[in-house]
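Below you'll find the structure, written out as structure tokens, and then a few comments.
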Amino acid sequence: MHYTAALSIARYTIALLISFLLVRFCIHARDRSRFQRHLHARYITWSDFPSQYTSLLKSKDWPALEADKFDYTHSFPSSSNSTIPRTIHFIWFKDLHSTRPDTTQIPSLGSDAPELCQKHNPTYNITIWDANAGRRLIEDHYAWFITTYDSYKYPIQRIDALKYFILHHHGGVYMDLDIACRRPLDPLLEFPAWFPEASPLGVNNDLMASRAGHPVVELMIRNLEPRSRWNFLFPYVTVFWTTGPQFTGDMLFKWWAGHSTVIAETGQDTSDAWFVLPRDFYSEEYTFFGHSPGGTWHGQDVATVLWACMYRRRSARHGEGRWKASEV
């Protein structure tokens with residue numbers, strides 16, 4: 001009798017637990033679906049550029065686009081402190097224990113991305129961060145994070161984390177070394193911040209841009225430490241979750257969850273707004289950027305979770321790979 005009663009209670013408890021988990025899953029799926037629709041609503045579109053510029057871009061008049069003499073003014077408040085500065089950042093971790101200087105020269109068999117970006121954006125500052133310069137930025141301006149930064153198990157986590165701190169402190173455009181510029185980036189600088197669309201969902205963190213001190217980037221750097229406590233069976237998943245594209249997308253989701261009501265009520269963007277660079281302008285026909293072979297985080301290795309593949313790809317991205325000029 002007692003056994004039957006205990007069994008019934010156990011079954012009831014399990015049924016309640018399963019029901020609770022199903023409800024939580026449905027709520028999460030609903031919120032993620034809403035967030036994905038929000039990402040689509042935040043697209044940078046053709047209408048965000050001057051009509052003359054869009055006409056030249058659609059006709060692929062590259063020489064005229066290189067002239068870059070267009071008015072990119074937008075409706076949200078704009079000032080020297082609310083737009084993205086003319087700075088492009090790369091990260092090159094050749095030797096984690098090398099002596100300083102602040103930057104490291106890319107070897108002749110490495111990436112040509114910095115030179116290509118300078119060619120198309122001659123007035124921009126191009127900064128190449130090495131391991132020592134990156135750590136010094138954390139040490140000098142974000143000392144509260146230095147213990148976490150040093151404790152990362154995988155160097156790629158430090159590289160990813162550094163991206164957010166560079167953008168928060170300096171602002172500008174961050175690019176992995178397997179990405180280069182195809183034309184001037186000025187049309188993309190009038191937005192307070194943007195993140196490239198990933199396939200099939202979310203965003204990537206191989207290319208990002210923001211003004212200095214943008215609150216959504218502030219949210220990212222403040223959440224790196226709590227995420228660092230997670231370690232999964234596969235190194236790829238650990239990196240993806242703690243500092244990589246999943247982390248970036250989750251922080252945008254967190255921002256959206258806390259600010260969606262305000263956005264809906266005001267109906268107007270502010271200098272704290274952020275946008276999504278759609279594939280049209282990120283990786284497809286009218287892209288501002290060229291991508292070397294090797295793919296991104298959102299490829300077949302996401303499904304198979306093969307650390308070896310990820311390591312080779314990320315190593316290539318941070319200096320070992322050869323940029324093909326024909327891609328640009």
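Read-outs throughout are calculated quantities, based only on the coordinates presented, and are distinct from any laboratory measurement. The structure presented is a predicted model; accordingly, all values stated were derived computationally and were not measured. Please note: Cβ atoms are built from the backbone with ideal geometry, for glycine as well, and neighbour counts cover all protein chains shown.
Taking 0.36 nm per residue of sequence separation and removing the Cα-Cα distance, the R229/Q36 pair yields an extension gain of 66.8 nm.
Each peptide in 188-201, 230-243 gets a packing score, the mean of other Cβ atoms within 10 Å over its residues, and the list from highest to lowest is 188-201, 230-243.
Among 117-124, 155-162, how do they line up from the highest to the lowest mean number of other beta-carbon atoms within 10 Å? List each step's numbers first, then the result.
Working: 117-124: 16.0, 155-162: 22.4.
Averaged packing, sorted descending, gives the order 155-162, 117-124.
In the structure shown, the pairs K94/K254; K60/K163; K60/K119; K69/K163 are assessed against 23 Å; a Cα-Cα span above that value is assigned to K94/K254; K60/K163; K69/K163.
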